[in-house]
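The structure appears below as structure tokens.
Values quoted throughout were computed directly from the atomic coordinates according to the rules given, and no laboratory measurement underlies them. From a predicted model like this one, the values you see are computed outputs, not experimental measurements. Reconstructed Cβ throughout: ideal geometry from the backbone, glycine too, with neighbour counts over all protein chains shown.
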Amino acid sequence: MSNPLSADPIAKPAPGAAVPLPTDKELVLKVIPMPADCNANGDIFGGWVMAQVDLAGSVIPARYVEGRMATVAVNQFIFKQPVRVGDILSFFSSVTKVGNTSITVQVEVFAEHFSKQRQYVKVTEASLTYVAIDDFGRPRKITKTED
């Protein structure tokens, strides 16, 4: 007989294990990294992934800001698994906070390996903050509060 107290009801998948895609976030970007984006070990440069996360993270805030904005903070950035050339990367985003001049979003990145299509591995997650700016680069008020 199994002990119900020993089972973790919120068990995390093993590193590299296939996971379902999120249903509470919006798919904002899909991209396939190419050989020019990798290091000598065949893994994709972290900086390349960070640039893609910044682009993906800006999609939803752009709807609120309705004008110029800038990335003001990378609050958290976690690389969970390496990304390889040819992986199909899916970037999901959601707003976590809307302030007077800024918006914070959570971005999760999932890799679908060509050899294991429809099996996704979470490779990166990040939290970024964007600020609405005027023509002179000064923060400006966000008037739109929801999508």
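Here are some notes:
- For the stretch 123-147, the set of residues classified as crowded, with 17+ Cβ neighbours inside 10 Å, in a loop (DSSP other than H, G, I, E, B) and of a type in the set (A, V, I, L, M, F, W, C) consists of Ile142 only.
- Count - residues of the stretch 65-123 that are over 15 Å from Met50 (Cα atoms) and out of contact with any strand residue (DSSP E or B) (no Cβ under 6 Å at 6 or more places or on another chain): 13
- All of (1) closer than 19 Å to Ile142 by Cα; (2) under 16 Å from the mean Cα position of the chain (by Cα) hold for Thr101 with one exception: (2).
- Residue within the stretch 108-121 that is buried (at least 21 other Cβ atoms within 10 Å of the Cβ), in contact with a helix residue (DSSP H, G or I) (Cβ under 8 Å, 6 or more places away or on another chain) and of a type in the set (Phe, Trp, Tyr) present: no
- Looking only at residues in the stretch 77-107 that are among the polar types (S, T, N, Q) and surrounded by fewer than 18 Cβ atoms within 10 Å (Cβ to Cβ), the one that is farthest from Arg63 (Cα to Cα) is Gln81.
- The stretch 122-144: number of residues that are hydrophobic (A, V, I, L, M, F, W, C) and touching a helix residue (DSSP H, G or I) at 6+ places or on another chain (Cβ under 7 Å): 4
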